[in-house]
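A short worksheet on the structure shown next.
The values are calculated or read from the model by the stated rules, or taken from the named source; none is laboratory data. These figures come from a predicted structure and were not determined experimentally. A quick note on method: Cβ atoms are made from the backbone with ideal geometry, for glycine too, and the neighbour counts reach across all protein chains shown.
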Amino acid sequence: MKATVLALTALWAGALFAQAPPDHAAHVDKLATLLDLTDAQKTQVQAVLQEEHAKIKAAHEQALASGTKPDLQQMQALHQQIQQETLQKLAPVLSEAQLKKFQTLQEMHGEMMHHHGHGAPPGGAAPPAQN
């Protein structure tokens, strides 16, 4: 039974994080289902995730605008820092079990992106786009 739950969670995680960034509503709806969020939690989580996405996007744009090739390790460190900030912001919003499941989903997403050739190492950091 536990293996089945984990397998289903893995499938949902793949679908959850495979969403294109413009489809935030569907992304949050799936996350709300997976984490069993209340309406209030869903609103707060959506705001935190939108802020995280905006920070990551801004960091990538800044790196590209600098005209130099961004250092992969610096970008990974930045992604990890932003993810930690996100977890800190979600900690008072989510129950301990929900937060733990969110972290598992994040880790699964990072591993999935890495293993499916998207260039992201475990932990979710993706390399910046190249010209």
Checking the structure you have, find out if any residue of the stretch 76-93 is modelled with pLDDT of 70 or more, surrounded by 18 or more Cβ atoms within 10 Å (Cβ to Cβ), closer than 26 Å to T33 by Cα and over 11 Å from the mean Cα position of the chain (by Cα). yes
Filter the stretch 26-57 down to residues that are in contact with a helix residue (DSSP H, G or I) (Cβ under 8 Å, 6 or more places away or on another chain) and more than 18 Å from L99 (Cα to Cα) and give me whichever is modelled with the lowest pLDDT. I56
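What number of residues in the stretch 31-51 are within 16 Å of P92 (Cβ to Cβ) and in a helix (DSSP H, G or I)?
In the first step, residues of the stretch 31-51 are kept if they are within 16 Å of P92 (Cβ to Cβ); the result is 35, 37-38, 40-49, 51.
With the extra rule that they be in a helix (DSSP H, G or I), the set shrinks to 35, 40-49, 51.
Here the count works out to 12.
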Residue, nearest to A32 (Cα to Cα), within the stretch 48-75, restricted to residues that are out of contact with any Asp or Glu (no Cβ under 8 Å at 6 or more places or on another chain) and acidic (D, E): E51
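Just to verify a result, which residue in the stretch 64-75, among those that are part of a helix (DSSP H, G or I) and farther than 24 Å from Q106 by Cα, is modelled with the lowest pLDDT?
Initial filter on the stretch 64-75 (part of a helix (DSSP H, G or I)): 64-65, 72-75.
Among the residues that remain, those that are also farther than 24 Å from Q106 by Cα are: 64-65.
Values: L64: 81, A65: 85.
Among those that are part of a helix (DSSP H, G or I) and farther than 24 Å from Q106 by Cα, it is L64.
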